[in-house]
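See structure below.
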Amino acid sequence: MSKRTFLREFIKENKMVGSLTPSSRFLASKMMDTIDFSEVKVIVELGPGTGVFTRKIVEKLDKKAHLFVFELNEGFCDKLKQEFQQKNVHIIHDSAEQMQNYLTELGFKSAEVVLSSLPLANFSKELRTSILNSANNVLCSNGKYIQFQYSLQAKKQLKQMFEDVKIKFTPLNIPPAFVYICSK
């Protein structure tokens, strides 16, 4: 998907699209570097946009593992469905709040990782809390919630929900981003 298309989607739906530009490979690397892909059976990705992280996940994903990708933007979702047609990659045009239903439908109880690009700062407190609760509930007992944001605004809420929260900074992204690595 072109940068022009990404910009058009940002202008059209800036509450759902969090940036003027797609995420950098540097941010993608920081988002992935704490995931042990040899151990992961289920990963959930929230708000993939153009699929920058999705591509990296699919490259590393074991053929027996499953990736559930939730995207509300219809244009992004259609492009993702065209690009990712593997049987173990599930592109879902629905809210992140519904992740447990989709996992259960395919016979999974939990996920080892929930990776989120959702612009939490753009959401109401109620929606943000609902999404974070859904993510926390779908994670297995030693699961990780990995989220990037352009500010530290989510830090307090994430520390209330997760036992351990580490933050990494990625200056080589436009705009620079913080990566939260949260463990149960």
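How big is D for the range 97-140, in µm² s⁻¹ as a whole number, if Stokes-Einstein is applied with the Kirkwood radius of its Cα pairs at 20 °C and 1.002 mPa s?
The Stokes-Einstein estimate is 194 µm²/s.
Excluding same-chain residues fewer than 8 positions from LYS184, which lysines have a Cα within less than 23 Å of its Cα?
The reachable lysines, counting only those whose Cα sits under 23 Å from LYS184, are LYS30, LYS41, LYS109, LYS125, LYS144, LYS155, LYS156, LYS159, LYS166, LYS168.
Taking the Cα centre of the range 18-130 as origin, work out the dipole magnitude from +1 charges on Lys and Arg Cβ and -1 charges on Asp and Glu Cβ, in debye rounded to 20.
260
Suppose a student asked you for the relative contact order of the range 3-183, using Cα pairs under 8 Å spaced at least 6 residues apart; what percent would you report?
22
Between GLU105 and LEU172, what's the calculated FRET efficiency when r is the beta-carbon distance and R0 is 25 Å? Round to 0.05.
Using R0 = 25 Å, I get an efficiency of 0.05.
Read phi for every residue in the range 98-103 and hand back ³J(HN,Hα) as whole Hz from Karplus 6.51 cos²θ - 1.76 cosθ + 1.60, θ = phi - 60°, with x for Gly and Pro.
Result, rounded to whole Hz: 9, 4, 4, 4, 5, 5.
Based on DSSP loop calls and a cut-off of at most 16 other Cβ atoms within 10 Å, the longest stretch of the chain free of exposed GluC sites (Glu not before Pro) is what?
The reported range is 40-162.
Amide H to amide H, which residues 5 or more places from GLY51 or on other chains are under 5 Å from it, using H placed in the peptide plane?
Answer set, sorted by chain and number: none.
Using only the alpha carbons of the range 3-183, determine the length spanned along each of the three principal axes and report them from longest to shortest in whole angstroms.
38, 38, 30
Every read-out reported here was derived from the displayed coordinates using simple, explicitly stated rules and does not represent laboratory data. Everything numeric in this text was worked out from a predicted model, so none of it was measured. Because the Cβ atoms are built from the backbone with ideal geometry, glycine has one as well, and the counts that use them run over all protein chains shown.
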